[in-house]
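**Q** Shown below is the structure under consideration.
The values are calculated or read from the model by the stated rules, or taken from the named source; none is laboratory data. A quick note: this is a predicted structure, and the numbers were derived from the prediction, not measured. With ideal geometry, Cβ positions are generated from the backbone for all residues, glycine too; neighbour counts draw on all protein chains shown. All accessible areas refer to the heavy atoms of the entire protein, side chains included, with ligands and DNA or RNA removed. Shrake-Rupley method; radii C 1.70, N 1.55, O 1.52, S 1.80 Å.
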Amino acid sequence: MHIGAAIGCCTLWGAAVFAGLDQGWGDSALAESGDAIEFARAAQSIAEDKNIGNVSFVLIEGGETASEFHLSNGDAVDAQSVFQVASLGKWLTAWGVMALFEEGQLDLDAPVSDYLSRWTLPASEFDASGVTVRRLLSHTAGLSDGLGYDGFDAAQDRQSLEASLTKAVDASPGNDGRTLLGSEPGSGFAYSGGGYTLLQLLIEEVSGKSFAEYMDDKVFVPLGMERTTFDHARALELGLAENFRPDGTAEPFRWYTALAATSLFTTSEDLGKFLMAQASDGANPVLSSSTMNLLNQPHASEMGAEIWGLGTMLYASNNAGGHIIGHDGSNEPAINTAARLDPARGDGIVVLSTGNPMLATELAGEWVFWKTGNVDSLTFASRLPTALAAFAGGVLIILTGAGLSLWLRKRRVSPRQKEG
């Protein structure tokens, strides 16, 4: 085999591996298209097999609850049980920001510094005037924190919001905790928990209210989300579902300064209301249809795929000119939450879990494939290491074969060479 042929084979193998990952070759949906009851049964079977703590599951069809189930290895949970949902709260934080935009109190493309007095980004080689509200919402502001917060053991341990932005002492492993401008604003996507902590400060400064109070008034109360709050103390009063570790033992939820980024408390029933308000024919008392369209338009991409709107993850095409939208959340030790919605059809799913660090994301990814035949972006990301290993293994085999072929060719001696 010639070197050129070997390179061609490697290229074809790589294309096949990527296409198989992207298109879900070999995957099968959990149920026949349109069979919501069977999908819920299959999802419950997976959850029962993998659940270590709590699971609350709601399936929405056409803007109405079609099925639900709830599992627990401790005290019973139901659709009104309060879970901490981690980064999923960023989606609702974005609604709070956009409510200020609709009221004319924010320009999405003005420097965020125009609205801040309590804290400013540290000086860097990049122009901080490019850090806008729009770019903070879409993780394209150039912030390099990569946060990730681990939280605090007790309320009194929490930092102030300004101190957390300067250097979060509860930064997740691998991050130094500083919210910094590390690249040119608008140059690309980089997930930033610090950016949403900065949006938390923005909401407080512009509204003149605490972040939790503002979100209650502008988002949760209008939507009828009566058991949803960013206030940890109020969540305790509502009664929290147990927080389980992967070994099945329970531990208290941790306290956070970075509420907007990682510490929303809510129920599967309330998140169902949030999804249903976004259906194309749903009643949305918080945001106009034009603002909703803006939220769900692509604002960031990776590997050529549109992955982010304004506070909204774009998981896959809905095969109708739009996207499956939503958000996931993960907090230590094993909180995992997920919500997905097809706004065009009013179909959605909510999965809240503790004890298994990937169960909610897995079930939500199965829902996307069942609904669209397309691979969910987080499913794609979770399978990418395996695909890369398969690609590397195939390349090794191809190159080994090419090397062996070349060696054998050199070993062959023509009859004339033998006679000489």
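**Q** Considering the convex hull of the alpha carbon atoms of the chain, report its projected area averaged over all viewing directions, in nm², one decimal.
**A** Details: hull surface 102.7 nm².
Its Cα hull, projected and averaged over all orientations, spans 25.7 nm².
**Q** Using amide H atoms built in the peptide plane, which far-off residues or other-chain residues are under 5 Å from S138 H to H?
**A** For S138, the qualifying residues are G311.
**Q** Is region 251-409 rounded, prolate or oblate when judged by the Cα gyration tensor, a ≥ b ≥ c being the square roots of its eigenvalues, rounded requiring a/c under 1.5 and prolate requiring a/b larger than b/c?
**A** On the way: a/c = 2.76, a/b = 1.76, b/c = 1.57.
In terms of gyration-tensor shape, prolate.
**Q** Still on this structure, I have one more. Using just the helices of the chain, give the 222 nm mean residue ellipticity in deg cm²/dmol: DSSP H runs with n ≥ 4 each add -39,500 (n - 2.57), and the total is spread over all residues, rounded to 500.
**A** Values: 14 runs with 163 residues, N = 420.
Mean residue ellipticity at 222 nm (helix-derived): -12000 deg cm²/dmol.
**Q** Another question about this same structure. Using the Cα centre of region 198-341 as origin and beta-carbon charges of +1 (Lys, Arg) and -1 (Asp, Glu), tell me which of F211, H323, A233 is placed farthest towards the positive end of the dipole.
**A** The one lying farthest along the dipole's positive direction is H323.
**Q** If you don't mind, there's one more thing I want to ask. Roll a 1.4 angstrom probe over the protein heavy atoms and tell me the percent of accessible area of region 258-339 that is carbon or sulfur. Write out the running numbers ahead of the final one.
**A** On the way: 1230 of 2590 Å².
Within region 258-339, the accessible surface is 47 percent carbon and sulfur.
**Q** Considering the dipole of region 31-79 built from charges on the beta carbon (Lys and Arg +1, Asp and Glu -1) around the Cα centre, which of A79, V55, A66 is farthest to its positive end?
**A** After comparing all options, I get V55.
**Q** Another question, if that's okay. Please label the shape of region 158-309 as rounded, prolate or oblate, based on the square roots a ≥ b ≥ c of the eigenvalues of the alpha-carbon gyration tensor (a/c under 1.5 means rounded; beyond that, a/b larger than b/c means prolate, else oblate).
**A** Working: a/c = 1.43, a/b = 1.02, b/c = 1.41.
Rounded, since a/c falls under 1.5.
**Q** Scan the chain and report its longest stretch carrying no GluC sites (Glu not before Pro) that are both in a DSSP loop and have at most 15 other Cβ atoms within 10 Å. Walk me through the intermediate numbers first.
**A** On the way: sites that count: E32, E103, E125, E226.
Within the chain, the longest run free of exposed GluC sites (Glu not before Pro) spans 227-420.
**Q** Mind telling me which of A235, A76, A258 comes out most flexible in a GNM of the chain, alpha-carbon contacts under 10 Å?
**A** In this elastic network of the chain, the residue with the biggest mean-square fluctuation among A235, A76, A258 is A76.
**Q** For region 1-117, what is the relative contact order in percent, using Cα pairs closer than 8 Å and at least 6 residues apart in sequence? Can you show the working numbers first?
**A** Details: 72 pairs, mean separation 15.0, N = 117.
Answer for region 1-117 is 13 percent.
**Q** Using modelled backbone amide H atoms (1.01 Å from N, in-plane), which distant-in-sequence or interchain residues come within less than 5 Å of V82's amide H?
**A** A241
**Q** In debye, nearest 20: dipole of region 84-209 around its Cα centre with unit charges on the Cβ of K, R (+) and D, E (-)? Spell out each step's value before the answer.
**A** On the way: 8 positive and 17 negative charges, 32 e Å.
The dipole of region 84-209 has a size of about 160 debye.
**Q** What's the tally of Lys pairs in the chain whose alpha-carbon atoms lie under 16 angstrom apart, where the two lysines are 8 or more places apart or on different chains? Walk me through the numbers on the way to the answer.
**A** Working: K90/K218; K209/K218; K218/K273; K410/K418.
Going through the chain pair by pair, I get 4.
**Q** Another question, if that's okay. Who wins for biggest fluctuation among L121, L399, L198 in a Gaussian network model of the chain, springs between alpha carbons below 10 Å?
**A** Of L121, L399, L198, the Gaussian network model singles out L399 as fluctuating most.
**Q** For the chain, find the longest principal axis of its Cα atoms and tell me its angle to the long axis of helix 89-102, 0 to 90°, nearest 10.
**A** The angle comes out near 60 degrees.
**Q** Using each residue's phi in region 233-248, evaluate 6.51 cos²θ - 1.76 cosθ + 1.60 at θ = phi - 60° and report the 3J(HN,Hα) Karplus result to the nearest Hz, with x for Gly and Pro.
**A** 4, 5, 4, 4, 5, 5, x, 9, 5, 5, 9, 9, 8, x, 8, x
**Q** State in Å² the accessible area per residue of region 51-209; use a 1.4 Å probe, count heavy atoms of protein chains only, and round to the nearest integer.
**A** Values: 5870 Å² over 159 residues.
Value returned for region 51-209: 37 Å² of accessible area per residue.
**Q** What are the ³J(HN,Hα) couplings of region 334-343, residue after residue, when phi is run through the Karplus curve with 6.51, -1.76, 1.60 and θ = phi - 60°? Round to Hz, x for glycine and proline.
**A** With coefficients 6.51, -1.76 and 1.60, one gets 7, 7, 9, 9, 7, 9, 9, 8, 9, x Hz.
**Q** Read phi for every residue in region 300-310 and hand back ³J(HN,Hα) as whole Hz from Karplus 6.51 cos²θ - 1.76 cosθ + 1.60, θ = phi - 60°, with x for Gly and Pro.
**A** Karplus values, whole Hz, x for Gly and Pro: 8, 9, 9, 6, x, 9, 6, 10, 8, x, 9.
**Q** Right, something else. So, with a 1.4 angstrom probe, what is the percent of accessible area on region 51-205 that is carbon and sulfur?
**A** For region 51-205, the apolar C and S fraction of the accessible surface comes to 44 percent.
**Q** In addition: Assign one of three labels to region 81-162, namely rounded, prolate or oblate, based on the Cα gyration tensor with a ≥ b ≥ c the square roots of its eigenvalues; rounded applies when a/c is under 1.5, prolate when it is not and a/b is larger than b/c, and oblate otherwise.
**A** In terms of gyration-tensor shape, oblate.
**Q** Also, quick follow-up: Keeping all protein chains in place, calculate the accessible area per residue for region 265-361 (probe 1.4 angstrom), answer in Å². All intermediate terms of the calculation are to be shown ahead of the outcome.
**A** On the way: 2980 Å² over 97 residues.
On a per-residue basis, 31 Å².
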